[in-house]
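Quick note: the coordinates plus some simple rules give every number you see, no bench work behind them. Computed from a predicted model, the values in this text were never measured in an experiment. Cβ: placed from backbone, ideal geometry, glycine included. Neighbour counts: every protein chain shown.
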Amino acid sequence: MHRVFSGIQPSGELHIGNWLGAVQNWVALQDQYQCVYCVVDLHAITFPYQPAALAARTREMVVGLLAAGIDPERSILFVQSHVPEHAELQWLFTTVAPLGELERMTQFKDKAQRLESVSAGLLCYPVLQAADILLYRAEAVPVGEDQLQHLEFTREIARRWNSLFALDAPYFPEPRALLTKARRIMGLDGQSKMSKSLGNTIGLNDPPEVIWEKLRPAKTDPKRVRRTDPGTPEDCNLYDLHRYFSPPDAVTNVALQCRSAGWGCLDCKRVLADNMVKTLTPIRERAAGLRAEPARVDEVIAHGARRASAIARETIAQVTARMGFLPRQEV
Ligand code: AQP
């Protein structure tokens with residue numbers, strides 16, 4: 001069975017951008033691939049964060065993924081820092097990673113300009129991501145569009161490493177992206193991609209009143225100023241969300257009402273809020289059930305780490321042998 005790998009940072013709440021762009025696909029792929037899914041806490045510390053909140057956010061991300069439909073028996077679901085081979089392979093890869101390309105990464109430049117002091121960890125984020133994926137020799141990676149540049153970087157690391165250390169036959173595959181239709185969900189500000197660190201999200205666990213509080217002021221078609229102005233659904237950020245949450249006949253009606261100014265934006269948001277609540281309520285309820293069973297969540301996390309470690313250790317043994325290190329003795 002072919003293997004896929006993907007990860008998500010516990011840098012905030014799991015939001016509908018993550019869900020539509022990646023996690024829904026993670027769930028669907030469980031039927032066709034051996035899936036390895038990781039909560040990437042080592043990545044989350046590359047941007048300023050609160051140490052006191054990291055453990056709770058990591059656990060909450062595991063809960064969110066389980067509630068969204070990740071099955072810990074079919075998939076390997078684990079926490080990145082529990083498998084130290086991720087950091088080890090990252091170090092080995094830094095020695096073949098081209099510095100100029102790291103400095104040109106869009107996500108690095110975006111995040112760096114929001115910081116007064118930029119760490120080497122933020123620069124090396126894509127190297128750690130390459131290590132995550134290649135540690136499991138994954139052939140495919142379900143991601144949103146924002147990660148395509150990093151995935152191309154991973155492919156380059158695989159090529160470079162193979163050309164230096166696997167002369168007989170490539171050891172690492174060059175993994176390909178698996179995109180969904182929702183490859184880039186915009187934030188409620190209508191300006192940037194929906195992003196945990198930008199606070200422009202709707203959380204997968206938001207209760208109905210919070211969904212409404214967030215949707216009510218959300219940006220819509222910027223050219224529609226007065227209630228009587230006809231709108232252009234294709235220019236409206238929220239129309240895009242209707243396509244993922246509302247049934248097809250409702251989406252058709254929304255477009256009709258918008259173009260004819262039959263509805264104002266608040267009417268349209270009300271319908272979206274109702275449909276979002278219908279879709280997200282079962283996930284929110286499953287998450288609440290899991291939070292009430294912490295021992296079960298702990299066992300899932302431990303089970304995932306054991307299964308991931310078995311694969312990771314084998315890869316590190318192969319990699320260090322090919323790179324010429326003195327073999328380790330049992331200690
Ligand atoms: N807005 C989005 N639309 C579609 N896909 C998205 N993803 C994230 N935002 C969107 C996809 O979700 C997966 C997990 O992302 P991540 O948390 O590891 O990293 P990220 O892309 O950096 O997500 P955020 O929310 O923007 O986090 P912060 O603000 O902490 O950087 C990835 O597959 C991503 O493509």
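Here are a few things to note about the model shown:
- Rough spin-label spacing in nm, given labels placed 7 Å along Cα→Cβ, for Glu330 and Arg183: 5.0
- Taking the charge dipole of the chain about its Cα centre, with +1 at Lys and Arg Cβ atoms and -1 at Asp and Glu Cβ atoms, the residue from Phe165, Leu272, Gln34 reaching farthest to the positive side is Leu272.
- For Ala261, the residues whose modelled amide H falls within less than 5 Å of its own, excluding neighbours fewer than 5 places apart on the same chain, are Gly231.
- Only helices enter the 222 nm calculation for the chain: every DSSP H run of n ≥ 4 contributes -39,500 (n - 2.57), and dividing by all residues gives -16000 deg cm²/dmol, rounded to 500.
- Likely footprinting exposure, Asp189, Asp249, fewest C-beta neighbours within 10 Å first: Asp249, Asp189
- Applying a threshold of 27 Å to the alpha-carbon distances of Lys111/Lys214; Lys109/Lys269; Lys111/Lys269; Lys109/Lys214; Lys223/Lys278 flags Lys109/Lys269; Lys111/Lys269; Lys109/Lys214; Lys223/Lys278 as lying beyond it.
- Residue order for Glu85, Glu116, Glu213, fewest other beta carbons within 10 angstrom first, comes to Glu116, Glu213, Glu85.
- The chain has equivalent-ellipsoid semi-axes of 39, 22, 18 Å, by the square roots of 5 times the alpha carbon gyration tensor eigenvalues, sorted largest first.
- Lys, Arg +1 and Asp, Glu -1 on Cβ, resulting dipole of region 144-184 about Cα centre, debye, nearest 20: 200
- Ordering of 134-141, 4-11, 319-326 by packing [mean C-beta count within 10 Å, highest first]: 4-11, 134-141, 319-326
- Residues His303, His86, His2 arranged by fewest to most Cβ contacts within 10 Å: His2, His303, His86
- Radius of gyration over Kirkwood radius for region 46-90, both on Cα atoms: the Rg/Rh ratio is 1.03.
- Environment charge at Glu293 (Cβ cut-off 13 Å; Lys +1, Arg +1, Asp -1, Glu -1): +2
- At q = 0.11, 0.19 Å⁻¹, base-10 log of I(q)/I(0) for region 33-125 (Debye sum, equal scatterers on each alpha carbon): -0.41, -1.05
- Rg/Rh ratio calculated on Cα atoms of region 74-192 (Kirkwood radius): 0.99
- Each DSSP beta bridge with both residues in the chain is either parallel or antiparallel, and the antiparallel ones are about 10%.
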